[in-house]
Amino acid sequence: MTQVHFPLAAVVGGDALKLALCLTAVDPKIGGVLIEGPRGMAKSTLARGLADLMPGGQFVTLPLGASEERLTGSLDLDAALGQGRAQFSPGVLARADGGVLYVDEVNLLPDHLVDLLLDVAASGVNRVERDGLSHSHAARFVLVGTMNPEEGELRPQLLDRFGLNVALDGQPVPAERGQIIRRRLAFDSDPQAFAAQWQAAQQALREQCVAARTRLAAIELDDRSVQAITERCHAAGVDGLRADLVWLRAARAHAAWRGGARIESEDIEAVAEFALRHRRRHAPEPPPASAPAAPPAPQDRSEGLQGGQGEWGALPPQTVAQGPRREVPSWPKKP
């Protein structure tokens, strides 16, 4: 019997994460999604629900402790010597082709495995080489990694390799928590019936994803969008150019997702935090927050004085410094 996943359309809340996941389903070349947050935030539930929107539909989990050979697959050298051809044994990457590859606690994986995963997720091709033999196969999947920052961080170089980053923080309000619990209990009681109940909503989500993938290539990566994004990336102080590329791809995917024919400013803004959160070196938009603060200060004081506000009586140093204190030299008295 086919395993039934909790429908993505039935997930309560998490709108930002659902959007980020759907955009990577539209364009897997965005490079996957890194989800940060504590346990119990339905990260795996959302990732499993995403698999239903992918062409292959499979959901593959990479277990902790997996070796590089288990991840990439292996070449049988004995078979190559005896039969004159390389015999390839597929790994996790081959099984994930067309679906979702889920890596829980990605920050606990060895760095070289994370690097390898991200390489394949970006290129869509897995290449295995051993002793002069090589084999390559398609590996187009959406990479979803999760981590709890309290259990360790990823190096900045690896963080940058993830296309989008979403942080789950805070707690749902009581009404939302109750709705989450009721739906989870209903699903656990009868997964088939619950999936049937949400079939129409899930099908609409699936069709929207398919339509977005179809129109994606027709949406131009225009100069106006490129300029807007590169200026914002420069202002954020990001290293390298990956943020610019990811942001542009995600904005185009968002335009396709909403049914647009071109990238608009709303598409750029909708994915800005996804692309910048884990790459930003400067605080968001510091000049507007700090630069105007100094000049208006004297003007505001004068307006307060002119208005006859008694509360301002102790604040104006100019009044004391200019007039009255010039009479001070008269106070020293001669003996």
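The values are calculated or read from the model by the stated rules, or taken from the named source; none is laboratory data. What you see is a predicted model; the values in this text were computed from it and never measured. Counting neighbours? That spans all protein chains shown, and the Cβs are built from the backbone with ideal geometry, glycine included.
Identify the residue in segment 26-45 that is aliphatic (A, V, I, L, M) and over 13 Å from the mean Cα position of the chain (by Cα) and, among all such residues, is nearest to residue 253 (Cα to Cα). So, considering only residues that are aliphatic (A, V, I, L, M) and over 13 Å from the mean Cα position of the chain (by Cα), the one nearest to residue 253 (Cα to Cα) is 26. Taking the conditions (1) closer than 21 Å to residue 13 by Cα; (2) among the polar types (S, T, N, Q); (3) assigned to a helix (DSSP H, G or I); (4) touching a residue at least 60 places away in the same chain (Cβ under 8 Å) in turn, residue 203 satisfies each one other than (4). Scan segment 150-161 and give yes if some residue there is in contact with a Gly (Cβ under 8 Å, 6 or more places away or on another chain), closer than 23 Å to residue 111 by Cα and surrounded by 15 or more Cβ atoms within 10 Å (Cβ to Cβ), otherwise no. The answer is yes, given that some residue of segment 150-161 is in contact with a Gly (Cβ under 8 Å, 6 or more places away or on another chain), closer than 23 Å to residue 111 by Cα and surrounded by 15 or more Cβ atoms within 10 Å (Cβ to Cβ).
Quick check, is residue 92 hydrophobic (A, V, I, L, M, F, W, C), in contact with a Ser or Thr (Cβ under 7 Å, 6 or more places away or on another chain) and in the same structural domain as residue 21 (by TED's automatic domain parsing)?
Details: hydrophobic (A, V, I, L, M, F, W, C): yes; in contact with a Ser or Thr (Cβ under 7 Å, 6 or more places away or on another chain): no; in the same structural domain as residue 21 (by TED's automatic domain parsing): yes.
When the stated conditions are applied, residue 92 does not pass them.
Among the residues of segment 54-65, what is the count of those that are farther than 18 Å from residue 22 by Cβ and touching a helix residue (DSSP H, G or I) at 6+ places or on another chain (Cβ under 7 Å)? Number of matching residues: 3. When only residues in segment 215-229 that are over 26 Å from residue 279 (Cβ atoms) and either in contact with a Leu (Cβ under 7 Å, 6 or more places away or on another chain) or touching a residue at least 40 places away in the same chain (Cβ under 8 Å) (or both) count, which is surrounded by the most Cβ atoms within 10 Å (Cβ to Cβ)? Step by step, filter segment 215-229, then rank; the result is 215. All of 59, 88, 162 fail the test of being at pLDDT 90 or above, more than 19 Å from the chain's Cα centre (by Cα) and of a type in the set (A, V, I, L, M, F, W, C), apart from 59.
Applying the criterion of being free of Cβ contacts under 8 Å to residues at least 12 places away in the same chain and more than 17 Å from the chain's Cα centre (by Cα) to the residues of segment 230-265, the residue that is nearest to residue 158 (Cα to Cα) is 234.
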